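Undergrad: Mind having a look at this structure? Questions to follow.
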Amino acid sequence: MRLKHWQRILLGAAVLLIVATGLKCVWNGVTENSLPCVSSRRARLWGIFVCKAEFHPAIIQWGGREIEIREAWVERASRVRHWLVWFPRREQLEGYRLCFSLHTGKEVFEGGASSPFWVMGNADHDFAWFTSPSGRMVFYDELNPLPSSVFLSLLRSPGEPRKQNILVAINPSDSAVGNGIPPGW
């Protein structure tokens, strides 16, 4: 039985779609993560933006270098999942994340073990961070429950006293409508 030209094209397209879907499924398993969004704008697009946050001071001097906060925001904790393999979506988890990115000072944090790190309050862990493909460095940590403000310290070593000299005010008035902000905010 000889296939007609259009049948061969259709069969080739079906095989290509099956192979591509299998590869995409493997890729999704490698890339699905629970990283936060790279900006407040992206968090708004995904529907997990809660509100803006403000650093006081917004510019911090560290070892003769200036660290300036580009933006800070709170988002719902979430992870990327895929629907029908091809369509990404954010699955909301319990809690919130305080996220911020830097305008200047990125090089201060790229020194490996000798780099300073951010700590919230008296926490025994530091902020996690990642660099986006566009080069934006994003720091984040969990917030449970959602406070009106937190204090951060920038430290050189884990044993160093927490100065808590950086105030982060969380602004629920700058919130997205219908985004799951707790009652009373």
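The values are calculated or read from the model by the stated rules, or taken from the named source; none is laboratory data. Everything numeric in this text was worked out from a predicted model, so none of it was measured. Here Cβ is always computed from backbone atoms with ideal geometry, including for glycine, and neighbour counts include all displayed protein chains. With ligands, DNA and RNA removed, areas are computed over all heavy atoms of the protein, side chains included. Shrake-Rupley method; radii C 1.70, N 1.55, O 1.52, S 1.80 Å.
Undergrad: Quick one: Debye curve from the alpha-carbon atoms of region 90-178 only, equal weights, vacuum; give me log10 I(q)/I(0) at q = 0.18, 0.23, 0.24 Å⁻¹ to two decimals.
TA: After summing over all Cα pairs, the log10 values are -0.93, -1.35, -1.41.
Undergrad: Sorted by mean Cβ packing within 10 Å, highest first, what order do the peptides 146-158, 64-76, 104-116 take? Walk me through the numbers on the way to the answer.
TA: Working: 146-158: 14.9, 64-76: 18.8, 104-116: 12.7.
Highest-to-lowest ranking by the protection proxy: 64-76, 146-158, 104-116.
Undergrad: Here is a follow-up. In the neighborhood of Ala123, defined by Cβ-to-Cβ distances under 10 Å, what is the net charge if each Lys or Arg adds +1 and each Asp or Glu adds -1?
TA: Numbers: positive: Arg162; negative: Asp124, Asp126, Asp141, Glu142.
Every neighbour counted, the sum reads -3.
Undergrad: Expected output is a single nm value to one decimal: the length gained when fully extending between Ile59 and Leu16, i.e. 0.36 nm times separation in residues minus the C-alpha distance. What is it? Provide the component values of the computation, followed by the final result.
TA: Details: separation 43, 0.36 × 43 = 15.48 nm, distance 5.23 nm.
Length difference between fully extended and current span is 10.2 nm.
Undergrad: Over region 106-148, what relative contact order in percent results from Cα pairs under 8 Å that are six or more residues apart? Spell out each step's value before the answer.
TA: On the way: 32 pairs, mean separation 9.6, N = 43.
It comes to 22 percent, rounded to a whole number.
Undergrad: Still on this structure, please answer the following. Set the Förster radius R0 to 22 Å, insert the Cβ-Cβ distance between Arg156 and Arg42 as r into 1/(1 + (r/R0)^6), and round the FRET efficiency to 0.05.
TA: Numbers: r = 31 Å, r/R0 = 1.43.
Step by step, r from the Cβ atoms, then E = 0.10.
Undergrad: Just reorder Phe87, Phe127 by solvent-accessible area, largest first, 1.4 Å probe, all chains present. All intermediate terms of the calculation are to be shown ahead of the outcome.
TA: Numbers: Phe87 110, Phe127 5 Å².
Putting Phe87, Phe127 in descending order of accessible area: Phe87, Phe127.
Undergrad: Roughly what would the spin-label model give for Glu110 and Ser132, points 7 Å off Cα along C-beta, in nm?
TA: Result for the modelled spin labels: 1.7 nm.
Undergrad: Right, next: Test of understanding: what is the full-extension gain from Ala169 to Glu94, defined as 0.36 nm times their sequence separation minus their Cα-Cα distance? All intermediate terms of the calculation are to be shown ahead of the outcome.
TA: Working: separation 75, 0.36 × 75 = 27.00 nm, distance 2.14 nm.
Length gained, Ala169 through Glu94: 24.9 nm.
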